[in-house]
Amino acid sequence: MNKHRAVAFRATVHSDQQPWLLPLPFDPVSQWSTPARPLWKCGHGHRVRGSLNGRDFRGAVIERSGTFWLQLEESAAMAASVSAGQAVDVLIEPEDS
């Protein structure tokens, strides 16, 4: 992990639907000086890697309604024993670093 680009924060899981979402306390474009890139057919964002409650994962950061969100897939959430409404420790960096 690149310590200069990695960002640590604590956030609460906001949804009990999948993918689960965690709000980012920063703007990834400004923080990482990296523009959003195509992630899928109609979306842009940042592919990220990091840890969730100490468990490694890969995911994506997206923007919705002016807020940046970390998307959690079920496998990452289950590996870290995460549930909706729970506060979690997150460490992420862009995958391209």
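For Gly43, indicate whether it is small (Gly, Ala, Ser), without any contact (Cβ under 8 Å) to a residue 60 or more places away in the chain and at positive phi.
Criteria not met by Gly43.
Go through the range 64-79 and give me each residue that's under 14 Å from Arg47 (Cβ atoms) and either part of a helix (DSSP H, G or I) or without any contact (Cβ under 8 Å) to a residue 40 or more places away in the chain (or both).
Correct list: Ala76 only.
Collect the residues in the range 40-60 that are closer than 18 Å to Arg10 by Cα and either aliphatic (A, V, I, L, M) or out of contact with any strand residue (DSSP E or B) (no Cβ under 6 Å at 6 or more places or on another chain) (or both), keeping them in residue-number order.
Answer for the range 40-60, where residues must be closer than 18 Å to Arg10 by Cα and either aliphatic (A, V, I, L, M) or out of contact with any strand residue (DSSP E or B) (no Cβ under 6 Å at 6 or more places or on another chain) (or both): Val48, Leu52, Gly54, Arg55, Asp56, Phe57, Ala60.
Quick one: is Gly85 out of contact with any Phe, Trp or Tyr (no Cβ under 7 Å at 6 or more places or on another chain) and not in a strand (DSSP E or B)?
Here the answer is yes, as Gly85 does meet what is asked.
Return yes or no: is Ala84 modelled with pLDDT of 90 or more and either among the small types (Gly, Ala, Ser) or at positive phi (or both)?
No.
Name the single residue that is farthest from Ala11 (Cα to Cα) among those in the range 61-78 being hydrophobic (A, V, I, L, M, F, W, C) and under 10 Å from the mean Cα position of the chain (by Cα).
Among them, the one singled out is Ile62.
Got a sec? Which strands (runs of 3 or more DSSP E) wholly within the range 1-48 have at least 1 residues that are at pLDDT below 90 and more than 20 Å from Val82 (Cβ to Cβ)?
Strands (runs of 3 or more DSSP E) meeting the threshold: 37-40.
The values are calculated or read from the model by the stated rules, or taken from the named source; none is laboratory data. Predicted model, so just to flag it, every value in this text is computed and none were measured. Ideal geometry is used to build each Cβ from the backbone, glycine not excepted, and the neighbour counts take in all protein chains shown.
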